[in-house]
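Take a look at the structure set out below.
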Amino acid sequence: MPLIPAGLSNLNSKVESARKGFNSTLDKAGQKTGVFKGPDNPKTASKPLPPPAYTGQPNRLKLPPPPPPPARKPLIQNQYDEESYEPAQPPPPPPPPVARKPMNVSSSSTPYRPPPTSLNGYGPPNMAPVQPTSRYGPPSPPKSSAQLHEESRAMIEAENSTQPPPMISSKKPDNWGTTPPVRSFQRKHGQIPFPPFSQFTEEDKQAFFMMLDEFFGRRFPDRQASHDTGPPQVTLRTRPSILTQQEEEEGCRAEIIARYFKTYRSWTRSDQQWYRHQDPVPTPLIGTTDIKRVSCWTQTGDKRTQINYILFPDLSQLWTSVNFLVSSNGIPQEALAKYRPPPRTHEYDYETLVTKSSEIYGPYIVEFAIEAEESGRHIARGECWDLANEALKSSPIDPPPLTSISRTHGILLYYGTSTGLHKGFGEWKQNGDLAGIRPGDIIEWNRVSCKTVNPDLLFTLGDPDHTAIIIDAHGNTITETDTPPYKLGYITVIEQSLKQIPVRRTYDLSTIQAGQVWLYRPMAEETLLGNGRNSAVFPPPFPAF
């Protein structure tokens with residue numbers, strides 16, 4: 001046993017006493033430590049460690065710095081989180097170490113021991129500082145080049161694959177084929193909702209295109225000529241002219257008036273609001289006497305619909321509809337028009353032109369003219385036109401023939417113009433094998449200069465127009481290219497005028513020197529005009545344009 005100085009013996013006793021008290025405190029708290037606890041048998045115990053040397057100088061204890069935070073990829077400045085859409089903030093700096101008050105330890109006092117922490121081997125470890133992240137954690141790392149290459153290769157193989165695509169596993173409703181899903185259209189503020197163009201009705205599409213025509217017409221007006229002259233007058237003549245089929249369709253009178261209804265948004269003046277009148281005649285037709293017209297209107301509440309049907313001398317037809325408010329003097333809410341072009345003679349076959357027309361109506365027309373000649377008095381007013389019109393009106397045959405409208409008495413067969421003796425041009429409207437003049441046909445003259453046979457007299461037929469019924473014809477020449485009037489041969493007619501009761505004359509058309517000639521054949525009205533004729537209905541039956 002080595003000898004211990006008295007001063008150190010006293011100090012060791014105090015240290016031993018403090019150690020026992022400290023171990024007792026730890027045992028009571030449920031913690032077990034053996035740092036200062038020696039073995040129970042001092043004989044078998046190893047030599048204890050010498051106690052640390054203490055001095056009277058103040059002991060400045062400094063805590064070591066806290067552990068660094070876990071290694072983590074730094075966030076790029078102004079990087080936005082995928083969920084919160086807020087800029088990620090950098091982690092806060094670690095808190096500075098807390099400075100402790102220095103302690104003066106004397107040789108006679110119990111030495112100071114720091115409280116148990118994870119730094120000196122006691123107590124639980126300190127938690128690492130939590131760094132702020134988004135609500136759903138940090139964003140996933142980007143894909144590697146190998147992953148991107150694998151995905152690209154899979155997409156290319158899928159596109160070049162000849163295998164059929166996999167079946168769609170999602171189950172559709174049972175009524176998918178018959179009832180399509182209802183599409184909803186979300187309207188923005190101040191925006192008028194419109195369905196897709198595929199859901200437009202035919203009326204809506206036509207109104208839409210009419211609005212486009214009007215818009216571009218106002219945006220890009222037609223160029224005016226440099227000289228100050230008005231537009232040419234719209235022709236309202238009743239004679240069909242020698243034009244191609246396309247030109248005749250483009251120039252039909254029903255189509256010309258139908259275009260007027262596209263401008264209904266400009267009907268602002270009172271004289272333009274013809275649809276409010278007792279006799280609603282469209283403005284372009286006011287004063288026209290060579291048309292047939294039927295009108296009617298319906299009204300629901302304050303909204304009235306005015307419907308018109310118009311038949312023109314070229315046998316084109318027009319149906320119109322105007323919707324407007326009775327209590328308002330503004331423009332119409334809507335104005336629509338549909339038309340049907342004139343019938344085409346070349347579209348009819350032998351049965352229609354001969355069997356169902358000439359052979360049915362011709363004998364009665366001839367009989368009516370002969371009876372008028374034998375009666376020795378005028379028919380109706382005594383006008384030449386009345387003879388043909390009354391013959392068609394009094395026909396007892398069913399279906400009834402088309403009655404005269406202006407100078408039109410049926411389907412047009414021929415038109416020609418004479419420019420001098422044995423000069424001129426003309427053509428048949430039907431095929432060559434169906435051409436020819438037959439009894440019962442009706443002829444129209446316009447300032448024709450021609451001679452009669454027995455007696456040989458020169459007549460001027462038409463001032464300007466003249467009508468006659470043909471009861472016999474022979475010697476006419478038929479050519480497919482050109483048949484001027486002087487090739488029509490001899491015709492025998494019955495005609496009348498205000499100064500002449502019905503009389504029979506034979507004309508030698510080879511002596512014609514001037515004028516124009518039209519030939520018409522009576523035909524059933526239903527054949528010429530079709531469904532919807534003479535009826536104010538809208539929209540009309542097909543075909544209508």
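Coordinate-derived values only; no laboratory data. Keep in mind that what you see is a predicted model, and the values were worked out from it rather than measured. Note that each Cβ is placed from the backbone with ideal geometry, even for glycine, and that neighbours are counted across all protein chains shown.
Strictly over 18 Å apart at the Cα level, which of Lys292/Lys356; Lys292/Lys429; Lys356/Lys487; Lys423/Lys487; Lys451/Lys487 would you flag in this model? Please report the intermediate quantities before stating the final value.
Details: Lys292/Lys356 25 Å; Lys292/Lys429 25 Å; Lys356/Lys487 27 Å; Lys423/Lys487 10 Å; Lys451/Lys487 14 Å.
In this structure, Lys292/Lys356; Lys292/Lys429; Lys356/Lys487 exceed 18 Å between Cα atoms.
On full extension of the chain, what length is gained from Thr355 through Ser375, given 0.36 nm per residue of separation minus the C-alpha to C-alpha distance?
Taking 0.36 nm per residue and subtracting the Cα distance, the gain is 4.2 nm.
Which whole-Hz couplings ³J(HN,Hα) result when phi for each residue of the range 332-345 is put into the Karplus expression 6.51 cos²θ - 1.76 cosθ + 1.60, θ = phi - 60°, listed in order with x for Gly and Pro?
Values per residue, Gly and Pro as x: x, 6, 7, 9, 10, 8, 10, 9, 10, x, x, x, 9, 4 Hz.
Test of understanding: ordering Asp398, Asp349, Asp290 by Cβ neighbours within 10 Å, fewest first, what list do you get? Walk me through the numbers before you get to the answer.
On the way: Asp398 6, Asp349 12, Asp290 15.
Ordered by Cβ neighbours within 10 Å, fewest first: Asp398, Asp349, Asp290.
How many nm is it between the label spots at Val537 and Glu347, if each spot is 7 Å from the Cα in line with the beta carbon?
Distance between the two pseudo-spin positions: 1.9 nm.
Over the range 345-529, what is the relative contact order in percent, taking alpha-carbon pairs closer than 8 angstrom and at least six residues apart?
On the way: 458 pairs, mean separation 57.9, N = 185.
Normalised by residue count, the contact order of the range 345-529 is 31 percent.
Test of understanding: extend the Cα→C-beta vector of Glu334 to 7 Å, then name every residue of the range 255-281 with backbone N under 17 Å from that spot.
Once the point is set 7 Å along Cα→Cβ of Glu334, 261-265 turn out to lie under 17 Å by backbone N, inside the range 255-281.
Just to confirm a number: summing +1 for Lys and Arg and -1 for Asp and Glu over residues other than Cys384 whose beta-carbon lies under 9 angstrom from that of Cys384, what do you get? Display every interim value, and only then the final one.
On the way: positive: none; negative: Glu383, Asp386, Asp465, Glu495.
Around Cys384, the charge tally is -4.
Report the gain in length on full extension from Glu367 to Asp482: 0.36 nm times residue separation, minus Cα-Cα distance, nm rounded to one decimal.
Details: separation 115, 0.36 × 115 = 41.40 nm, distance 3.25 nm.
Contour length minus Cα-Cα distance gives 38.2 nm.
Is the shape of the range 345-529 rounded, prolate or oblate, going by the alpha carbon gyration tensor and its root eigenvalues a ≥ b ≥ c, with a/c under 1.5 for rounded and a/b larger than b/c for prolate?
On the way: a/c = 1.76, a/b = 1.06, b/c = 1.67.
Cα axes put the range 345-529 in the oblate bin.
Taking 41 Å as R0, compute the FRET efficiency from the Cβ-Cβ separation of Asp472 and Leu325 and round it to 0.05. Walk me through the numbers on the way to the answer.
Details: r = 61 Å, r/R0 = 1.49.
The value I calculate is 0.10.
With 10 angstrom as the radius, rank Thr355, Thr288 by how many other C-beta atoms surround their C-beta, starting from the fewest. Spell out each step's value before the answer.
Working: Thr355 11, Thr288 16.
The most exposed by this proxy come first: Thr355, Thr288.
Quick one: Met210, Met155, Met523, fewest Cβ neighbours within 10 Å first, how do they rank?
Details: Met210 19, Met155 10, Met523 25.
So the residues, fewest neighbours to most, are Met155, Met210, Met523.
First measure r as the distance between the Cβ atoms of Lys393 and Arg447, then evaluate 1/(1 + (r/R0)^6) with R0 = 25 Å and state the FRET efficiency to the nearest 0.05. Could you put the intermediate results ahead of the total?
Working: r = 27 Å, r/R0 = 1.10.
Between Lys393 and Arg447 the formula returns 0.35.
Suppose a student asked you for the relative contact order of the range 245-340, using Cα pairs under 8 Å spaced at least 6 residues apart; what percent would you report? List each step's numbers first, then the result.
Details: 148 pairs, mean separation 28.0, N = 96.
Relative contact order comes out at 29 percent.
Along the range 350-365, what does the Karplus equation 6.51 cos²θ - 1.76 cosθ + 1.60 (θ = phi - 60°) give for ³J(HN,Hα), rounded to whole Hz, x for Gly and Pro?
Once rounded to whole Hz, the list reads 5, 4, 6, 7, 10, 5, 8, 10, 5, 6, 8, 8, x, x, 5, 4.
Roughly how many nanometres apart are two label points built 7 Å out from the Cα toward the Cβ at Lys143 and Asn431?
Roughly 7.1 nm, to one decimal.
Give the calculated FRET efficiency between Met211 and Thr283 to the nearest 0.05, with a Förster radius of 22 Å applied to their Cβ-Cβ distance.
Details: r = 21 Å, r/R0 = 0.95.
With R0 = 22 Å, the Cβ-Cβ based efficiency is 0.55.
If you take all C-alpha pairs in the range 245-340, what percent of them are over 17 Å apart?
Details: 2232 of 4560 pairs.
Value for the range 245-340: 49 percent of Cα pairs lie more than 17 Å apart.
Relative contact order of the range 420-545, please, whole-number percent, based on alpha carbon pairs below 8 angstrom and at least 6 residues apart.
Numbers: 247 pairs, mean separation 37.8, N = 126.
For the range 420-545, the relative contact order is 30 percent.
Hey, can you grab everything whose amide H is under 5 Å from the amide H of Asp441? Only 5+ residues off in sequence or another chain; H modelled, so Pro and N-termini drop out.
When sequence neighbours closer than 5 places are left aside, the close amide H contacts are Ile470.
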